[in-house]
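To start, the structure under review is shown below, and the notes come after it.
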Amino acid sequence: MSVDTSLPVLSPKDFASDQEIRWCPRCGDYSILAQMKKVLPTLGIPKEKFVFVSGIGCSSRFPYYMDTYGMHSIHGRAPAVATGVKLANPDLQVWVITGDGDSLSIGGNHFMHVLRRNVDVKVILFNNQIYGLTKGQYSPTSPTGTKTKSTPFGSVDRPLNPLSVAIGARATFAARSVDVDIKHLCSVLERAASHKGTAFVEVYQDCNVFNSGAFAFASKKGEKEENVIYLEHGKPLIFGKDRDKGIRLNSHDQPEVVELGKGVTEDDLLFHDEKSEDMNLAFLLASMRYPEMPEPMGVFRCVEQPTYNEAVYNQVESTIEKNGAGDLESLFNTGDTWTV
């Protein structure tokens, strides 16, 4: 008798849990959740192979709303928990859901190390430039001068740039999208899911209660075309409603905006190369910030490197082959021991 081993056809509804979604009305988190539910059925992975791990914050309620395995873990420590999950069961696809406060403040250490190790997990950072769950304090990504309950006269801090931090930690995949740019966000999540290694995605997410409109420049139709560059591998950096503007490097190798057709052709522009092992281009793109420059959206960097989990398993296998299976009792009594 033949056995049907084909995977069941899944839909977004199959990934919706029975839990009431408790985000504020019009919160950008709803859109990110919806796009994730659209993407997962397309990956050809059994539903029971997905795990969502979160820290603390508005975004970190995400695992409750996904009908998959998941863990609402400790503040800032989701990358550490996710690393353990992946090492314990490498067949799982593990997603980390975090926010700008959770990952870049108390969790900055764990965030940096999961990226540099290249653990095969996917990290989605919801960046709303505010602490929403605790009712509106400034966060590590809040712009200088931001007035909040904890900075009534304006923040004097210089904000962190999540993509610059990720690229500095040598992330093998780094990307950015916007919560309401549905088609673009889906494509970026699909790219992240298919990447082997740590895939980092920053999502500009509107907190309409405590920081409404922070990313209108990148989401509002009729305006975003002049403020955003959509990155495409191997293609020149062109933007504008009429696609008549571009980015080239000046004599100091710094990006500048130029108009096409006024002595400038596409060949004069900067071309995107997401596969470059040299991180300078990715850094340069991450440094382009509105309003001084149009902000890039899409995949900044996508390179292949050995993963942490593969390295760990290879080391274990080679050690067993060389020395045999380990003996925990012998290990405890090896080296300097004392009887008290």
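The table below lists the values:
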| item | result |
| --- | --- |
| 0 to 90° range, to nearest 10: angle between helix 29-39 axis and the chain longest Cα axis | 70 |
| Nearest-10 value in Å² for the accessible area of H113, using the 1.4 Å probe | 50 |
| Cα-based reach from K135 at 18 Å (exclusive), listing lysines while leaving out same-chain residues under 8 positions away | K147, K149 |
| Percent accessible area from carbon and sulfur atoms, the stretch 163-297, protein chains only, probe 1.4 Å | 48 |
| Dimensions in Å of the stretch 244-340 - Rg and Dmax from alpha carbons | 26.1, 84 |
| For the chain, alpha-carbon Rg relative to the globular expectation (2.2 N^0.38 Å, N residues) | 1.10 |
| Those chymotrypsin sites (Phe, Trp or Tyr not before Pro) in the stretch 132-233 that DSSP places in a loop and that have at most 15 other beta carbons within 10 Å | F153 |
| Rounded tilt (10° steps) of 182-194 against the dominant C-alpha axis of the chain | 30 |
| Area of V39 that stays accessible when all protein chains are in place (1.4 Å probe, Å², to 10) | 0 |
| Filter on K37/K241; K235/K275; K13/K183; K183/K224 - keep pairs with C-alpha separation over 21 Å | K37/K241 |
| Distance histogram in 10 Å bins (all Cα pairs of the stretch 132-178, percent per bin) | 26, 38, 29, 8 |
| Per residue accessible area in Å² of the chain, where ligands, DNA and RNA are left out and the probe is 1.4 Å | 52 |
| Sequence ranges 267-279, 291-303, ranked by mean other-Cβ count within 10 angstrom, highest first | 291-303, 267-279 |
| Extreme residue, positive dipole direction of the stretch 56-162, given options G145, H110, H72 (C-beta unit charges) | G145 |
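The values are calculated or read from the model by the stated rules, or taken from the named source; none is laboratory data. The shown structure was predicted, so the numbers you read here are calculated from the model rather than taken from an experiment. Note that we place each Cβ from the backbone using ideal geometry, even for glycine, and neighbour counts take in every protein chain shown. Note: areas computed on protein heavy atoms with side chains; ligands, DNA, RNA excluded. Shrake-Rupley method; radii C 1.70, N 1.55, O 1.52, S 1.80 Å.
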